Amino acid sequence: DTAVSQTPKYLVTQMGNDKSIKCEQNLGHDTMYWYKQDSKKFLKIMFSYNNKELIINETVPNRFSPKSPDKAHLNLHINSLELGDSAVYFCASSQDHGMGNYEQYFGPGTRLTVT
Amino acid sequence: RKEVEQDPGPFNVPEGATVAFNCTYSNSASQSFFWYRQDCRKEPKLLMSVYSSGNEDGRFTAQLNRASQYISLLIRDSKLSDSATYLCVVTSYIPTFGRGTSLIVHP
């Protein structure tokens, strides 16, 4: 039973394309996150949703648009992909947000390569 | 000054050694602190939360020093399987990860 799952695991695409990554959690958590881990392994938060509402939106280009159809799902759509978007994207969830007091559980990651 | 700083290492230690990592943070309003472990090409996994009173889980001990704004992780009796990158996370409202400290345990 995978707690936090992401699809696809690998994504190779050309510059200028639009792509989506899907994330689902079966933990019954209220809060979900998207992180980007670059080639230097630095893990940086992009967005967070609590019960389908956006609560954290870091300085991310407008080309990135998260969507949460329900609290178990948080998808990430990326328009006009650029070389610099190549990274591993991790989805995570936590029971709640509450000033970050809750442990996060991560999905296996989506390795995006833009050529 | 970066928000969360860690020595990237690598720390190269023999099996059975004791090793300690520190992580400093700049935001004095930070509320929550965690250590995560990340294996190569895998997702981060929670190792332990860090409390002001300190906490221990088997061979792992975590401490928080609010006055000096750092957290620490001590690993006793290192095993080969402890080889990984250890990430500290500091949260005021937004979770902020350190860049991680690489640990290599050799026979």
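Number of residues in the range A:105-115 that are more than 12 Å from chain B (Cβ to nearest Cβ) and part of a strand (DSSP E or B): the value is 3. Please verify whether A:E58 is within 14 Å of chain B (Cβ to nearest Cβ) and surrounded by fewer than 18 Cβ atoms within 10 Å (Cβ to Cβ), treating the condition exactly as stated. For A:E58, the condition - within 14 Å of chain B (Cβ to nearest Cβ) and surrounded by fewer than 18 Cβ atoms within 10 Å (Cβ to Cβ) - is met. The residues of the range B:1-34 that are of a type in the set (S, T, Y) and within 12 Å of chain A (Cβ to nearest Cβ), listed by number, are B:S30, B:S32. Hey, could you check the range B:53-83 for residues that are in contact (Cβ under 8 Å) with a residue 40 or more places away in the chain and charged (D, E, K, R) and say which is surrounded by the most Cβ atoms within 10 Å (Cβ to Cβ)? The qualifying residue surrounded by the most Cβ atoms within 10 Å (Cβ to Cβ) is B:R76.
Which number in (1) in contact with a strand residue (DSSP E or B) (Cβ under 9 Å, 6 or more places away or on another chain); (2) more than 14 Å from chain A (Cβ to nearest Cβ); (3) of a type in the set (G, A, S) marks the one condition that B:G58 misses? B:G58 satisfies all of (1) in contact with a strand residue (DSSP E or B) (Cβ under 9 Å, 6 or more places away or on another chain); (2) more than 14 Å from chain A (Cβ to nearest Cβ); (3) of a type in the set (G, A, S) except (1). Of all residues in the range B:35-52, those that are more than 8 Å from every other protein chain (Cβ to nearest Cβ) have Cβ atoms under 7 Å from Cβ atoms of residues that are among the β-branched types (V, I, T) and not in a strand (DSSP E or B), 6 or more apart or on another chain, in B:W35/B:V50. The set of residues in the range A:67-104 being out of contact with any Leu (no Cβ under 8 Å at 6 or more places or on another chain), within 14 Å of chain B (Cβ to nearest Cβ) and part of a strand (DSSP E or B) consists of A:A92, A:S94.
Yes or no: B:Y86 modelled with pLDDT of 95 or more, crowded, with 16+ Cβ neighbours inside 10 Å, within 11 Å of chain A (Cβ to nearest Cβ) and assigned to a strand (DSSP E or B)? Spelling it out, it is not the case that B:Y86 is modelled with pLDDT of 95 or more, crowded, with 16+ Cβ neighbours inside 10 Å, within 11 Å of chain A (Cβ to nearest Cβ) and assigned to a strand (DSSP E or B).
The values are calculated or read from the model by the stated rules, or taken from the named source; none is laboratory data. Being a predicted model, the structure only gives us computed values, none of them experimental. Reconstructed Cβ throughout: ideal geometry from the backbone, glycine too, with neighbour counts over all protein chains shown.
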